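Enquirer: Provided herewith is a single structure, encoded as C-alpha coordinates, for subsequent inquiry.
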Amino acid sequence: MIEVTNLFKSFGKLEVLRGITTTIAEKEVVVVIGPSGSGKSTFLRCLNLLETPTSGEIVIDHVSVTDPKTDINKVRAEVGMVFQHFNLFPHKTALENIILAPMKVRGLSRQEAEERASDLLRKIGLEEKAHVYPDSLSGGQKQRVAITRALAMQPRVMLFDEPTSALDPEMVGEVLTVMKNLAQEGMTMVVVTHEMGFAREVGDRVLFMDEGQIVEEGSPERIFTQAEQERTKSFLGKIL
Amino acid sequence: MFFRALPHLFTGAINTIWITAIAVSLGVIIGVIMGMSRLSGNLFLRTASRVYVDCFRGTPLLVQILLIYIGIPSLLFAITGEQMPINVYVAGITACGLNSGAYVAEIVRSGIQSIDRGQTEAARSLGMTKAQTMRYIILPQAIKRVIPPLGNEFIAMLKDTSLLSVIGLEELTRKGQLFIAVTFAPFPVYLGILLMYLAMTLSISQLVAYAERRLAVSDRSN
(Lines give C-alpha, C1' and ligand atoms only; values in the text may rest on other atoms or scores of the structure.)
Protein backbone atom coordinates (compact mmCIF):
# COMPACT_ATOMS: atom_id res chain seq x y z
CA MET A 1 0.00 0.00 0.00
CA ILE A 2 2.88 2.37 0.83
CA GLU A 3 6.28 1.84 -0.72
CA VAL A 4 9.16 4.01 0.34
CA THR A 5 12.38 3.72 -1.60
CA ASN A 6 15.68 5.24 -0.59
CA LEU A 7 14.21 8.35 1.00
CA PHE A 8 16.57 11.19 1.87
CA LYS A 9 15.72 14.50 3.49
CA SER A 10 18.03 17.33 4.45
CA PHE A 11 17.31 20.63 6.15
CA GLY A 12 20.18 22.71 4.87
CA LYS A 13 23.31 20.83 5.88
CA LEU A 14 21.51 18.62 8.36
CA GLU A 15 20.69 15.20 6.96
CA VAL A 16 17.57 14.06 8.78
CA LEU A 17 16.68 11.03 6.70
CA ARG A 18 19.44 8.93 5.20
CA GLY A 19 18.02 6.31 2.93
CA ILE A 20 14.74 4.95 4.24
CA THR A 21 13.32 1.95 2.40
CA THR A 22 10.27 0.10 3.63
CA THR A 23 6.91 -1.22 2.56
CA ILE A 24 3.69 -0.91 4.49
CA ALA A 25 0.95 -3.37 3.66
CA GLU A 26 -2.78 -2.71 3.60
CA LYS A 27 -4.36 -2.94 7.07
CA GLU A 28 -0.95 -3.05 8.67
CA VAL A 29 -0.25 -1.04 11.81
CA VAL A 30 3.34 0.13 11.77
CA VAL A 31 4.74 1.79 14.86
CA VAL A 32 7.82 3.96 14.46
CA ILE A 33 9.97 4.38 17.54
CA GLY A 34 13.36 5.93 18.17
CA PRO A 35 15.15 8.66 20.10
CA SER A 36 14.20 12.28 19.47
CA GLY A 37 15.99 13.67 16.47
CA SER A 38 16.09 10.27 14.84
CA GLY A 39 13.95 11.52 11.95
CA LYS A 40 10.79 9.56 12.71
CA SER A 41 8.46 12.56 12.55
CA THR A 42 10.16 13.82 9.41
CA PHE A 43 9.69 10.39 7.86
CA LEU A 44 5.99 10.50 8.67
CA ARG A 45 5.61 14.06 7.36
CA CYS A 46 7.29 13.07 4.11
CA LEU A 47 4.59 10.49 3.48
CA ASN A 48 1.99 13.18 2.80
CA LEU A 49 4.53 15.70 1.60
CA LEU A 50 4.27 18.10 4.51
CA GLU A 51 8.03 17.84 4.07
CA THR A 52 9.39 17.53 0.56
CA PRO A 53 11.94 14.72 0.37
CA THR A 54 15.35 15.64 -0.99
CA SER A 55 15.44 12.42 -2.98
CA GLY A 56 13.85 9.01 -3.09
CA GLU A 57 10.40 7.81 -3.97
CA ILE A 58 7.14 7.30 -2.10
CA VAL A 59 4.29 5.40 -3.70
CA ILE A 60 0.91 5.28 -2.00
CA ASP A 61 -1.79 3.12 -3.57
CA HIS A 62 0.16 2.96 -6.86
CA VAL A 63 0.42 6.75 -7.03
CA SER A 64 3.88 8.24 -6.83
CA VAL A 65 3.61 10.94 -4.20
CA THR A 66 7.04 12.29 -5.01
CA ASP A 67 6.28 12.70 -8.73
CA PRO A 68 5.88 16.47 -9.31
CA LYS A 69 3.04 15.75 -11.73
CA THR A 70 0.94 14.12 -9.03
CA ASP A 71 -1.88 16.24 -7.59
CA ILE A 72 -0.77 16.20 -3.99
CA ASN A 73 -4.14 17.43 -2.73
CA LYS A 74 -5.76 14.25 -4.07
CA VAL A 75 -3.18 12.12 -2.29
CA ARG A 76 -3.59 14.02 0.96
CA ALA A 77 -7.34 13.53 0.87
CA GLU A 78 -6.67 9.78 1.10
CA VAL A 79 -4.05 10.09 3.83
CA GLY A 80 -5.32 11.23 7.23
CA MET A 81 -2.92 12.91 9.59
CA VAL A 82 -3.08 13.43 13.34
CA PHE A 83 -0.68 15.87 14.97
CA GLN A 84 0.95 16.08 18.35
CA HIS A 85 -0.63 19.47 19.01
CA PHE A 86 -4.04 18.53 17.53
CA ASN A 87 -4.14 21.59 15.25
CA LEU A 88 -7.88 21.91 15.49
CA PHE A 89 -9.28 25.04 13.88
CA PRO A 90 -10.00 27.27 16.89
CA HIS A 91 -12.58 29.42 15.09
CA LYS A 92 -14.75 26.41 14.29
CA THR A 93 -16.78 24.10 16.52
CA ALA A 94 -15.88 20.43 16.77
CA LEU A 95 -18.54 19.61 14.19
CA GLU A 96 -17.40 22.38 11.84
CA ASN A 97 -13.83 21.15 12.16
CA ILE A 98 -14.96 17.75 11.02
CA ILE A 99 -17.29 18.68 8.16
CA LEU A 100 -15.14 21.34 6.48
CA ALA A 101 -12.86 19.13 4.40
CA PRO A 102 -15.52 16.57 3.43
CA MET A 103 -17.58 19.48 2.07
CA LYS A 104 -14.80 21.47 0.41
CA VAL A 105 -12.57 18.64 -0.77
CA ARG A 106 -14.98 15.73 -1.25
CA GLY A 107 -17.89 17.88 -2.33
CA LEU A 108 -20.35 16.45 0.18
CA SER A 109 -23.45 18.46 1.01
CA ARG A 110 -23.59 19.95 4.48
CA GLN A 111 -26.25 17.44 5.46
CA GLU A 112 -24.23 14.43 4.30
CA ALA A 113 -21.12 15.74 5.99
CA GLU A 114 -22.96 16.41 9.24
CA GLU A 115 -24.50 12.95 9.26
CA ARG A 116 -21.10 11.42 8.75
CA ALA A 117 -19.58 13.61 11.45
CA SER A 118 -22.35 12.83 13.94
CA ASP A 119 -21.89 9.11 13.40
CA LEU A 120 -18.18 9.41 14.02
CA LEU A 121 -18.62 11.64 17.06
CA ARG A 122 -21.11 9.20 18.53
CA LYS A 123 -18.63 6.39 18.04
CA ILE A 124 -15.99 8.16 20.10
CA GLY A 125 -18.54 9.34 22.64
CA LEU A 126 -18.29 13.06 21.96
CA GLU A 127 -21.63 13.76 20.33
CA GLU A 128 -22.58 16.20 23.07
CA LYS A 129 -19.45 18.22 22.24
CA ALA A 130 -20.38 18.73 18.58
CA HIS A 131 -21.16 22.42 18.94
CA VAL A 132 -18.38 23.27 21.32
CA TYR A 133 -15.27 25.21 20.33
CA PRO A 134 -11.90 23.47 20.73
CA ASP A 135 -11.02 25.93 23.49
CA SER A 136 -13.49 24.25 25.84
CA LEU A 137 -12.36 20.69 25.15
CA SER A 138 -9.80 18.78 27.18
CA GLY A 139 -6.60 17.66 25.49
CA GLY A 140 -7.86 14.13 25.09
CA GLN A 141 -11.14 15.34 23.64
CA LYS A 142 -9.30 17.63 21.23
CA GLN A 143 -7.21 14.79 19.95
CA ARG A 144 -10.23 12.54 19.55
CA VAL A 145 -11.95 15.27 17.56
CA ALA A 146 -8.79 15.68 15.48
CA ILE A 147 -8.79 11.94 14.74
CA THR A 148 -12.46 12.18 13.80
CA ARG A 149 -11.73 15.10 11.52
CA ALA A 150 -9.18 12.99 9.66
CA LEU A 151 -11.50 9.96 9.55
CA ALA A 152 -14.37 11.99 8.12
CA MET A 153 -12.41 12.11 4.86
CA GLN A 154 -12.55 8.30 4.82
CA PRO A 155 -8.84 8.03 4.20
CA ARG A 156 -7.06 4.86 3.08
CA VAL A 157 -4.19 5.42 5.52
CA MET A 158 -3.85 7.23 8.83
CA LEU A 159 -0.62 8.84 10.00
CA PHE A 160 -0.17 9.66 13.69
CA ASP A 161 2.63 12.00 14.72
CA GLU A 162 3.14 11.49 18.45
CA PRO A 163 -0.60 11.76 19.10
CA THR A 164 -0.37 11.43 22.87
CA SER A 165 2.86 13.32 23.60
CA ALA A 166 1.15 16.61 24.40
CA LEU A 167 -1.51 15.06 26.61
CA ASP A 168 -1.77 14.88 30.37
CA PRO A 169 -1.12 11.29 31.43
CA GLU A 170 -4.71 10.60 32.42
CA MET A 171 -5.90 11.43 28.91
CA VAL A 172 -3.51 9.21 27.01
CA GLY A 173 -5.71 6.16 27.46
CA GLU A 174 -8.83 7.56 25.80
CA VAL A 175 -6.87 8.50 22.69
CA LEU A 176 -5.07 5.18 22.50
CA THR A 177 -8.41 3.38 22.81
CA VAL A 178 -9.75 5.23 19.78
CA MET A 179 -6.62 4.28 17.87
CA LYS A 180 -6.85 0.68 18.96
CA ASN A 181 -10.43 0.44 17.75
CA LEU A 182 -9.39 1.97 14.47
CA ALA A 183 -6.67 -0.64 14.05
CA GLN A 184 -9.15 -3.40 14.79
CA GLU A 185 -11.41 -2.10 12.05
CA GLY A 186 -8.56 -2.69 9.63
CA MET A 187 -7.25 0.83 9.09
CA THR A 188 -3.75 1.05 7.69
CA MET A 189 -1.81 3.07 10.24
CA VAL A 190 1.66 4.51 10.66
CA VAL A 191 2.17 5.70 14.22
CA VAL A 192 5.12 7.63 15.61
CA THR A 193 4.90 7.24 19.35
CA HIS A 194 6.66 6.74 22.64
CA GLU A 195 3.84 4.54 23.92
CA MET A 196 5.56 1.18 23.98
CA GLY A 197 2.51 -0.52 25.44
CA PHE A 198 0.52 0.56 22.41
CA ALA A 199 3.29 -0.56 20.07
CA ARG A 200 3.33 -3.95 21.66
CA GLU A 201 -0.39 -4.48 21.84
CA VAL A 202 -1.60 -2.95 18.59
CA GLY A 203 1.43 -2.81 16.30
CA ASP A 204 1.91 -5.42 13.61
CA ARG A 205 5.44 -4.24 13.05
CA VAL A 206 7.84 -1.91 14.82
CA LEU A 207 10.40 0.24 13.03
CA PHE A 208 13.27 1.43 15.17
CA MET A 209 14.85 4.55 13.71
CA ASP A 210 18.07 6.25 14.68
CA GLU A 211 20.10 8.95 12.93
CA GLY A 212 17.84 9.01 9.91
CA GLN A 213 17.87 5.31 9.18
CA ILE A 214 15.78 2.28 10.00
CA VAL A 215 18.10 0.41 12.29
CA GLU A 216 15.88 -2.55 12.88
CA GLU A 217 12.35 -3.67 12.17
CA GLY A 218 10.22 -6.62 13.07
CA SER A 219 7.26 -7.80 15.08
CA PRO A 220 6.82 -5.98 18.41
CA GLU A 221 7.46 -9.26 20.17
CA ARG A 222 10.85 -9.69 18.52
CA ILE A 223 11.95 -6.04 18.78
CA PHE A 224 11.04 -5.76 22.44
CA THR A 225 12.44 -9.09 23.58
CA GLN A 226 15.18 -10.09 21.16
CA ALA A 227 16.47 -6.97 19.45
CA GLU A 228 19.61 -7.69 17.48
CA GLN A 229 21.13 -4.25 17.12
CA GLU A 230 23.03 -2.63 19.97
CA ARG A 231 21.37 0.75 19.36
CA THR A 232 17.92 -0.77 19.58
CA LYS A 233 18.75 -2.55 22.80
CA SER A 234 20.26 0.52 24.40
CA PHE A 235 17.25 2.68 23.40
CA LEU A 236 14.76 0.15 24.71
CA GLY A 237 16.84 -0.32 27.82
CA LYS A 238 16.50 3.35 28.58
CA ILE A 239 12.77 3.64 28.14
CA LEU A 240 11.31 0.31 29.21
CA MET B 1 -14.18 82.69 20.51
CA PHE B 2 -13.74 79.01 21.28
CA PHE B 3 -17.45 78.39 21.01
CA ARG B 4 -17.86 80.55 17.93
CA ALA B 5 -15.19 78.47 16.23
CA LEU B 6 -16.94 75.17 16.90
CA PRO B 7 -19.41 75.16 13.96
CA HIS B 8 -16.54 75.86 11.54
CA LEU B 9 -14.39 73.23 13.09
CA PHE B 10 -17.28 70.82 13.02
CA THR B 11 -17.66 71.00 9.25
CA GLY B 12 -13.89 70.52 8.99
CA ALA B 13 -14.09 67.49 11.25
CA ILE B 14 -16.76 65.95 9.02
CA ASN B 15 -14.41 66.35 6.06
CA THR B 16 -11.56 64.85 8.04
CA ILE B 17 -13.66 61.81 8.89
CA TRP B 18 -14.81 60.95 5.40
CA ILE B 19 -11.41 61.66 3.88
CA THR B 20 -9.82 59.35 6.44
CA ALA B 21 -12.48 56.72 5.85
CA ILE B 22 -11.93 56.69 2.10
CA ALA B 23 -8.14 56.84 2.43
CA VAL B 24 -8.03 53.93 4.89
CA SER B 25 -10.51 51.91 2.79
CA LEU B 26 -8.24 52.45 -0.17
CA GLY B 27 -5.34 51.54 2.08
CA VAL B 28 -7.05 48.32 3.16
CA ILE B 29 -7.71 47.28 -0.43
CA ILE B 30 -4.12 48.01 -1.43
CA GLY B 31 -2.79 46.57 1.82
CA VAL B 32 -4.60 43.25 1.51
CA ILE B 33 -3.33 42.81 -2.03
CA MET B 34 0.19 43.89 -1.14
CA GLY B 35 0.31 41.97 2.14
CA MET B 36 -0.75 38.74 0.45
CA SER B 37 1.61 39.38 -2.46
CA ARG B 38 4.40 39.62 0.03
CA LEU B 39 3.68 36.05 1.11
CA SER B 40 3.09 34.65 -2.37
CA GLY B 41 5.37 32.17 -4.06
CA ASN B 42 5.77 34.53 -7.00
CA LEU B 43 9.06 36.42 -6.83
CA PHE B 44 7.80 39.35 -8.89
CA LEU B 45 4.80 39.92 -6.62
CA ARG B 46 6.94 39.59 -3.52
CA THR B 47 9.49 42.11 -4.77
CA ALA B 48 6.86 44.55 -6.00
CA SER B 49 5.15 44.47 -2.64
CA ARG B 50 8.37 44.96 -0.79
CA VAL B 51 9.43 47.94 -2.91
CA TYR B 52 6.00 49.50 -2.49
CA VAL B 53 6.03 49.15 1.28
CA ASP B 54 9.60 50.41 1.60
CA CYS B 55 8.95 53.46 -0.57
CA PHE B 56 5.71 54.61 1.01
CA ARG B 57 6.65 53.80 4.56
CA GLY B 58 10.15 55.11 4.27
CA THR B 59 9.30 58.60 2.99
CA PRO B 60 7.34 61.43 4.63
CA LEU B 61 3.62 61.60 3.90
CA LEU B 62 3.92 65.38 3.55
CA VAL B 63 6.32 65.02 0.64
CA GLN B 64 4.15 62.33 -0.93
CA ILE B 65 1.20 64.72 -0.78
CA LEU B 66 3.19 67.54 -2.38
CA LEU B 67 4.57 65.25 -5.06
CA ILE B 68 1.12 64.07 -6.07
CA TYR B 69 -0.69 67.42 -5.84
CA ILE B 70 2.00 69.73 -7.17
CA GLY B 71 4.71 67.55 -8.66
CA ILE B 72 2.64 65.38 -10.96
CA PRO B 73 0.64 68.18 -12.63
CA SER B 74 3.84 70.09 -13.25
CA LEU B 75 5.40 67.01 -14.80
CA LEU B 76 2.37 66.57 -17.02
CA PHE B 77 2.59 70.24 -17.99
CA ALA B 78 6.25 69.84 -18.94
CA ILE B 79 5.41 66.82 -21.11
CA THR B 80 2.16 67.85 -22.75
CA GLY B 81 2.29 71.61 -22.48
CA GLU B 82 -1.21 71.66 -21.03
CA GLN B 83 -2.32 72.67 -17.55
CA MET B 84 -3.93 69.67 -15.91
CA PRO B 85 -4.54 70.46 -12.27
CA ILE B 86 -5.58 67.60 -10.00
CA ASN B 87 -8.62 67.99 -7.82
CA VAL B 88 -7.31 68.62 -4.30
CA TYR B 89 -9.52 65.93 -2.77
CA VAL B 90 -8.45 63.34 -5.32
CA ALA B 91 -4.79 64.16 -4.77
CA GLY B 92 -5.08 64.21 -0.99
CA ILE B 93 -7.01 60.98 -0.71
CA THR B 94 -4.75 59.22 -3.20
CA ALA B 95 -1.64 60.23 -1.29
CA CYS B 96 -3.09 59.17 2.07
CA GLY B 97 -4.50 55.94 0.62
CA LEU B 98 -1.20 54.93 -0.96
CA ASN B 99 0.62 55.73 2.25
CA SER B 100 -1.88 53.84 4.37
CA GLY B 101 -1.69 50.85 2.01
CA ALA B 102 1.96 50.36 2.91
CA TYR B 103 1.19 50.19 6.61
CA VAL B 104 -1.84 47.97 6.12
CA ALA B 105 0.24 45.63 3.95
CA GLU B 106 2.53 45.05 6.89
CA ILE B 107 -0.41 44.58 9.24
CA VAL B 108 -1.94 42.00 6.90
CA ARG B 109 1.35 40.20 6.37
CA SER B 110 2.11 39.90 10.06
CA GLY B 111 -1.51 38.95 10.82
CA ILE B 112 -1.36 36.04 8.40
CA GLN B 113 2.08 35.00 9.56
CA SER B 114 0.99 35.04 13.19
CA ILE B 115 -1.32 32.08 12.57
CA ASP B 116 0.33 28.88 13.73
CA ARG B 117 1.92 26.75 11.00
CA GLY B 118 0.04 23.77 12.34
CA GLN B 119 -3.21 25.30 11.08
CA THR B 120 -1.95 25.29 7.51
CA GLU B 121 -0.52 21.82 7.93
CA ALA B 122 -3.79 20.46 9.28
CA ALA B 123 -5.80 22.01 6.46
CA ARG B 124 -3.41 20.90 3.73
CA SER B 125 -3.16 17.40 5.14
CA LEU B 126 -6.95 17.14 4.76
CA GLY B 127 -6.50 17.76 1.05
CA MET B 128 -7.51 21.41 1.02
CA THR B 129 -5.81 23.62 -1.55
CA LYS B 130 -3.67 26.61 -0.68
CA ALA B 131 -6.53 28.95 -1.58
CA GLN B 132 -9.09 27.02 0.49
CA THR B 133 -6.71 26.99 3.44
CA MET B 134 -6.27 30.73 3.16
CA ARG B 135 -9.98 31.39 2.84
CA TYR B 136 -11.47 29.04 5.42
CA ILE B 137 -8.67 28.67 7.95
CA ILE B 138 -6.07 31.43 7.89
CA LEU B 139 -7.97 34.60 6.99
CA PRO B 140 -10.88 34.15 9.44
CA GLN B 141 -8.35 33.84 12.26
CA ALA B 142 -6.04 36.55 10.94
CA ILE B 143 -8.88 39.09 10.70
CA LYS B 144 -9.37 39.00 14.46
CA ARG B 145 -5.73 39.72 15.07
CA VAL B 146 -5.64 42.46 12.47
CA ILE B 147 -8.54 44.50 13.86
CA PRO B 148 -6.61 46.26 16.67
CA PRO B 149 -3.63 47.35 14.53
CA LEU B 150 -6.06 48.43 11.80
CA GLY B 151 -7.79 50.59 14.38
CA ASN B 152 -4.44 52.13 15.23
CA GLU B 153 -3.80 52.74 11.57
CA PHE B 154 -7.17 54.51 11.26
CA ILE B 155 -6.32 56.74 14.21
CA ALA B 156 -2.86 57.51 12.84
CA MET B 157 -4.28 58.35 9.44
CA LEU B 158 -6.97 60.55 10.96
CA LYS B 159 -4.30 62.64 12.59
CA ASP B 160 -2.07 62.61 9.51
CA THR B 161 -4.81 64.04 7.30
CA SER B 162 -4.01 67.34 9.02
CA LEU B 163 -1.04 67.44 6.64
CA LEU B 164 -3.52 67.94 3.83
CA SER B 165 -3.98 71.48 5.12
CA VAL B 166 -0.77 72.44 3.29
CA ILE B 167 -2.39 71.85 -0.09
CA GLY B 168 -5.42 73.83 1.00
CA LEU B 169 -7.79 70.93 1.47
CA GLU B 170 -10.38 72.10 3.94
CA GLU B 171 -10.23 69.42 6.55
CA LEU B 172 -10.29 70.20 10.25
CA THR B 173 -6.87 71.85 10.58
CA ARG B 174 -7.28 73.98 7.47
CA LYS B 175 -10.77 75.08 8.49
CA GLY B 176 -9.33 76.20 11.79
CA GLN B 177 -6.51 78.11 10.15
CA LEU B 178 -8.97 79.92 7.90
CA PHE B 179 -11.02 80.87 10.94
CA ILE B 180 -7.91 82.16 12.71
CA ALA B 181 -7.08 84.30 9.67
CA VAL B 182 -10.40 86.08 10.16
CA THR B 183 -10.52 86.24 13.94
CA PHE B 184 -6.84 86.47 14.97
CA ALA B 185 -7.45 84.10 17.87
CA PRO B 186 -4.98 81.27 17.44
CA PHE B 187 -5.01 79.86 20.96
CA PRO B 188 -8.70 79.02 21.43
CA VAL B 189 -9.04 77.82 17.84
CA TYR B 190 -6.01 75.55 17.85
CA LEU B 191 -7.11 74.25 21.22
CA GLY B 192 -10.53 73.57 19.72
CA ILE B 193 -8.92 71.72 16.81
CA LEU B 194 -6.95 69.52 19.18
CA LEU B 195 -10.02 68.69 21.22
CA MET B 196 -11.90 67.78 18.05
CA TYR B 197 -9.14 65.38 17.02
CA LEU B 198 -9.10 63.93 20.51
CA ALA B 199 -12.85 63.38 20.47
CA MET B 200 -12.59 61.60 17.14
CA THR B 201 -9.66 59.37 18.06
CA LEU B 202 -11.21 58.41 21.40
CA SER B 203 -14.46 57.48 19.68
CA ILE B 204 -12.58 55.32 17.21
CA SER B 205 -10.68 53.46 19.89
CA GLN B 206 -14.00 52.76 21.61
CA LEU B 207 -15.38 51.39 18.35
CA VAL B 208 -12.32 49.22 17.84
CA ALA B 209 -12.52 47.88 21.37
CA TYR B 210 -16.16 47.01 20.75
CA ALA B 211 -15.36 45.26 17.46
CA GLU B 212 -12.58 43.34 19.17
CA ARG B 213 -14.90 42.10 21.89
CA ARG B 214 -17.50 41.01 19.38
CA LEU B 215 -14.98 39.09 17.29
CA ALA B 216 -13.37 37.42 20.27
CA VAL B 217 -14.90 33.99 19.83
CA SER B 218 -13.24 31.44 22.03
CA ASP B 219 -9.85 30.91 20.44
CA ARG B 220 -7.41 31.52 23.19
CA SER B 221 -5.84 28.10 23.11
CA ASN B 222 -4.83 25.75 20.32
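Enquirer: According to the square roots a ≥ b ≥ c of the eigenvalues of the Cα gyration tensor, what is the shape class of segment A:174-240, taking rounded for a/c under 1.5, prolate for a/b larger than b/c otherwise, and oblate for the remainder?
Expert: It comes out prolate by the Cα gyration axes.
Enquirer: What is the distance in Å between the Cα centroid of segment B:7-67 and that of segment A:222-240?
Expert: Taking the Cα centre of segment A:222-240 as reference, the centre of segment B:7-67 is 63 Å away.
Enquirer: Search the structure for amide H atoms under 5 Å from the amide H of A:V32, placed 1.01 Å from N in the peptide plane, and list their residues when 5 or more places away or on another chain.
Expert: Those qualifying (amide H under 5 Å, at least 5 residues apart or on another chain) are A:V191, A:V192, A:T193, A:L207.
Enquirer: Output needed for chain A: three equivalent-ellipsoid semi-axes, defined as square roots of 5 times the C-alpha gyration tensor eigenvalues, in descending order, whole Å.
Expert: Working from the Cα gyration tensor, I get semi-axes of 30, 22, 15 Å.
Enquirer: Now for a separate question. Search the structure for amide H atoms under 5 Å from the amide H of A:I214, placed 1.01 Å from N in the peptide plane, and list their residues when 5 or more places away or on another chain.
Expert: Sorted by chain and number, the residues that satisfy this are A:T21.
Enquirer: Moving on to the next point. If you roll a 1.4 Å probe over segment B:2-221 with all protein chains in place, what percent of the accessible area is carbon or sulfur?
Expert: Exposed carbon and sulfur together represent 69 percent of the surface.
Enquirer: Taking a probe of 1.4 Å and counting only protein heavy atoms, give the total accessible area buried between chains A and B in Å², rounded to the nearest 100.
Expert: 2200
Enquirer: Please sort through the DSSP H helices of chain B and keep those with an alpha-carbon extent of at least 24 Å along the long axis and a Kyte-Doolittle average not below 0.5.
Expert: What comes out of the filter, once short or polar helices are dropped, is B:2-38, B:88-113, B:186-215.
Enquirer: Can you check what the net charge comes to around A:F8, using other residues whose Cβ is under 12 Å from the Cβ of A:F8 (Lys, Arg +1; Asp, Glu -1)?
Expert: It works out to a net charge of -1.
Enquirer: Give the separation of the Cα centroids, segment B:144-221 to segment A:166-210, in Å.
Expert: 58
Enquirer: Which of the residues in segment A:93-115 show a loss of at least 20 Å² in accessible area from their chain by itself to the complete set of protein chains, at a probe of 1.4 Å?
Expert: Listed by number, the residues meeting the 20 Å² cut-off are A:L100, A:A101, A:K104, A:V105.
Enquirer: Using a 1.4 angstrom probe on the protein heavy atoms only, could you order B:R174, B:R50, B:R135 from most to least accessible area?
Expert: Ranked list, largest accessible area first: B:R135, B:R50, B:R174.
Enquirer: Exceeding 32 Å between C-alpha atoms, which entries from my cross-link table qualify? They are A:K142/A:K233; A:K74/A:K129; A:K9/A:K129; A:K69/A:K142; A:K92/B:K159; A:K69/A:K104.
Expert: Check vs 32 Å cut-off fails for A:K142/A:K233; A:K9/A:K129; A:K69/A:K142; A:K92/B:K159.
Enquirer: Quote the Stokes-Einstein diffusion coefficient, in whole µm² s⁻¹, for chain B, based on the Kirkwood radius over alpha carbon pairs, a temperature of 10 °C and a viscosity of 1.306 mPa s.
Expert: Rounded, D is 81 µm²/s.
Enquirer: In addition: Calculate for chain A the 222 nm mean residue ellipticity that helices alone would give, adding -39,500 (n - 2.57) per DSSP H run of length 4 or more and normalising by residue count, nearest 500 deg cm²/dmol.
Expert: It lands at -11500 deg cm²/dmol.
Enquirer: Hey, with R₀ at 51 Å, roughly what FRET efficiency would A:S55 and B:F10 work out to, going by the Cβ-Cβ distance, to 0.05?
Expert: Computed FRET efficiency for A:S55 and B:F10 comes out at 0.10.
Enquirer: Next up: Once Lys and Arg get +1 and Asp and Glu get -1 on their Cβ, which of B:P85, B:A21, B:Q64 lies farthest toward the positive end of the dipole of segment B:2-221?
Expert: B:A21
Enquirer: Could you check the simple spin-label distance between A:L240 and B:Y190, using points 7 Å along Cα→Cβ, in nm with one decimal?
Expert: 8.4
Enquirer: Right, something else. What average count of beta carbons from other chains do you get within 10 Å of the Cβ of residues in B:139-152?
Expert: Mean partner shielding for this stretch: 1.
Enquirer: Which value, in Å² rounded to 10, gives the accessible area of A:H131 with a 1.4 Å probe and all protein chains present?
Expert: 140
Enquirer: Can you tell me the relative contact order of segment B:3-86? Whole percent, Cα pairs under 8 Å, sequence separation 6 or more.
Expert: Rounded, it is 12 percent for segment B:3-86.
Enquirer: Treating cross-link reach as a plain straight distance, find the aspartates and glutamates whose alpha-carbon is under 18 Å from the alpha-carbon of B:K130, omitting any fewer than eight places away in the same chain.
Expert: Counting by Cα, and skipping residues close in sequence, B:K130 has these aspartates and glutamates nearby: A:E51, A:D71, A:E78, B:D116, B:E121.
Enquirer: Return a whole-number percent for the relative contact order of segment A:192-240, with Cα pairs under 8 Å and 6 or more residues apart as the contact set.
Expert: It comes to 27 percent, rounded to a whole number.
Enquirer: Let me understand the protein assembly as shown better: what is its radius of gyration from the alpha carbons, and its Dmax, in angstrom?
Expert: 30.0, 100
Enquirer: When the accessible area of segment A:80-137 is split by element with a 1.4 Å probe, what percent falls to carbon and sulfur?
Expert: 43
Enquirer: Give the distance, in whole Å, between the Cα centre of segment A:108-158 and the Cα centre of segment A:11-53.
Expert: First find each Cα centre; the distance between them is then 27 Å.
Enquirer: Continuing with this model, one more query. Would you tell me the mean number of C-beta atoms belonging to other protein chains that fall within 10 Å of each C-beta in A:133-139, as a whole number?
Expert: 3
Enquirer: Below 8 Å, C-alpha to C-alpha, sequence gap of six or more: please give me the relative contact order for chain B in percent.
Expert: Across chain B, relative contact order equals 32 percent.
Enquirer: How large is the accessible surface per residue of the protein assembly as shown, computed with a 1.4 Å probe and reported in Å² as a whole number?
Expert: Ligands and nucleic acids excluded, the result is 47 Å² per residue.
Enquirer: Shape call for segment B:1-58 from the C-alpha gyration tensor, a ≥ b ≥ c root eigenvalues: rounded (a/c under 1.5), prolate (a/b greater than b/c) or oblate?
Expert: Here segment B:1-58 falls in the prolate category.
Enquirer: Among rounded, prolate and oblate, which fits segment A:64-156 when a ≥ b ≥ c are the square roots of the eigenvalues of its C-alpha gyration tensor, a/c under 1.5 means rounded, and a/b larger than b/c means prolate?
Expert: In terms of gyration-tensor shape, prolate.
Enquirer: Right, another one. Output the peptides B:140-151, B:180-191, A:199-210 sorted from most to least packed, where packing is the average of other Cβ atoms within 10 Å over each peptide's residues.
Expert: Descending packing order for the listed peptides: A:199-210, B:140-151, B:180-191.
Enquirer: Now a separate question. Rounded to the nearest 500, what is the 222 nm mean residue ellipticity of chain B from helices alone, with -39500 (n - 2.57) per DSSP H run of 4+ residues and division by all residues?
Expert: For chain B, the value works out to -25500 deg cm²/dmol.
Enquirer: Let me ask something else. How big is the dipole moment of the protein assembly as shown about its Cα centre under a simple scheme where the beta carbon of each Lys and Arg is +1, that of each Asp and Glu is -1, and everything else is neutral? Debye, nearest 20, please.
Expert: It comes to approximately 1260 debye.
Enquirer: Just grab the label-to-label distance for B:L67 and A:A25, each label 7 Å out from Cα along the Cβ direction, in nm (one decimal).
Expert: Calculated label separation equals 7.1 nm.
The values are calculated or read from the model by the stated rules, or taken from the named source; none is laboratory data. Small disclaimer: the values here were computed from a predicted structure and weren't measured. Backbone-built Cβ (ideal geometry, glycine too); neighbour counts: all protein chains shown. We work out accessible area using only protein heavy atoms, side chains counted, and drop any ligands, DNA or RNA first. Shrake-Rupley method; radii C 1.70, N 1.55, O 1.52, S 1.80 Å.
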